[in-house]
Amino acid sequence: MSLLSDLINLNISQTTADKLIAEYIWIGGSGMDLRSKARTISGPVSDPAKLPKWNFDGSSTGQAPGEDTEVILYPQAIFRDPFRRGRNILVICDTYTPAGEPIPTNNRYNAAKVFSHPDVVAEEPWFGIEQEYTLLQKDINWPLGWPLGGYPGQQGPYYCGVGADKAYGRDIVDAHYKACLYAGINISGINGEVMPGQWEFQVGPSVGISAGDELWAARYILKRITEIAGVVVSFDPKPIEGDWNGAGAHTNYSTKSMRSEGGYVVIKKAIEKLGLKHKEHIAAYGEGNERRLTGKHETADINTFSWGVALRGSSIRVGRETEKDGKGYFEDRRPASNMDPYVVTSMIAETTILWKP
């Protein structure tokens, strides 16, 4: 095994000065399954536009019919590879037909159109996404640290908890934190969550389309680390039914106008717009979200839009500091943990900046 480890960790830059490995990553047909494959390219490369397009068998990922299987990968964002290291890279891609049309599961394409709109560019939308997830024991799909077929003690001591009886999987979480920093992802923190075996990492503040690119890259790295650890990561918004917290992806948001003097007025107008489009947003905020947004466990009821200052049981939460300063940001607490960040971020920007009721 030591030889295998040595080979995995070979620094190929010592002997192949003009070669590197690029791991092309894309989102599969379910909208949450990540796929990837690697190729050798000449490098170094820092501009995704200079990377070659590639193809894959879309019939095997639920993204193309059996009689016309080819889907084309367009490189869109580059990150350093924390697994192969050296000059090797991770490449976030989106997906197109051979004719250059975005395939139906390519949500990045429409998000990029929103974020390239001059009115949106002028507002410099910032996002901070709080990605909650649950670590599961392999093969039995039961949270890490929970007794087999049984339950731990009631929630209370686990949120930001410390100790072998409160925090399960910290090595995985810390490995992910450092790997994301190495990759160049703007990860801003981690914490243990309310349900034991559940954790959170935060990405941002990131501007526009980069928020989606960075969150998908962070999800990919987490999947790879849990693969190594023999643990399963779940983004299900309610992995355990009953009196247990669900998992969300709270999305913090601000524009240049909101961050400027008098921004609180802009924030309240934006929240009013979000309320008018509540149903449309809920429909796009993740599958199974109705199991999480019950009005309990720090959530608002899925059918009722609400907002408040420092109120975690509302759809939209405004921080005390924002109220005090008269400017800042707000938090959309509705998105589920399995949401597509391209969809959620672009929808928030489109509703609050571009939509004229």
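Beta-bridge orientation, the chain: approximately 90 percent antiparallel, per DSSP, counting only bridges with both partners inside. Distance between the modelled labels on T40 and V207, one decimal in nanometres: 3.8 nm (7 Å Cα→Cβ projection). Each label point was placed 7 Å from the Cα along the Cα-to-Cβ direction; for K138 and K269 their separation is 5.4 nm. With the simple spin-label model, which puts each label point 7 Å out from Cα in the Cβ direction, the L354 to Y177 separation comes to 3.7 nm.
Here is the link list: K53/K178; K19/K223; K113/K256; K268/K356; K238/K296; K178/K223. Which ones come out longer than 22 Å on Cα distance? Pairs exceeding 22 Å: K53/K178; K19/K223.
Compared with the direct C-alpha span, the chain from T69 to A122 gains 15.1 nm at full extension, assuming 0.36 nm per residue. The share of accessible area on the chain that comes from carbon and sulfur is 52 percent, using a 1.4 angstrom probe. Take the range 268-357 with all the other protein chains still there, run a 1.4 Å probe, and you get 46 Å² of accessible area per residue.
Calculate, for the range 171-220, the solvent-accessible area per residue in square angstrom, rolling a 1.4 angstrom probe over the heavy atoms of the protein chains. Display every interim value, and only then the final one.
On the way: 1390 Å² over 50 residues.
That works out to 28 Å² per residue.
Whole-percent P(r), the range 210-279, all Cα pairs, 5 Å bins from 0: 3, 12, 12, 15, 16, 15, 11, 9, 6, 1, 0.
One chain, two ends: K296 and R312. Fully extended at 0.36 nm per residue, the span grows by 4.7 nm beyond their Cα-Cα distance. Protection proxy ranking of 281-292, 239-250, 215-226, by the mean of other Cβ atoms within 10 Å over each peptide's residues and highest first, is 215-226, 239-250, 281-292. Only DSSP H runs of four or more residues enter the estimate; each adds -39500 (n - 2.57), and after division by the residues of the chain the mean residue ellipticity at 222 nm equals -8000 deg cm²/dmol.
The values are calculated or read from the model by the stated rules, or taken from the named source; none is laboratory data. This structure is a prediction, so every number in the text was calculated from the model and none was measured. Note: ideal-geometry Cβ built from the backbone for every residue, glycine included; neighbour counts use all protein chains shown. Surface areas here come from the heavy atoms of the whole protein model, side chains and all, with no ligands, DNA or RNA. Shrake-Rupley method; radii C 1.70, N 1.55, O 1.52, S 1.80 Å.
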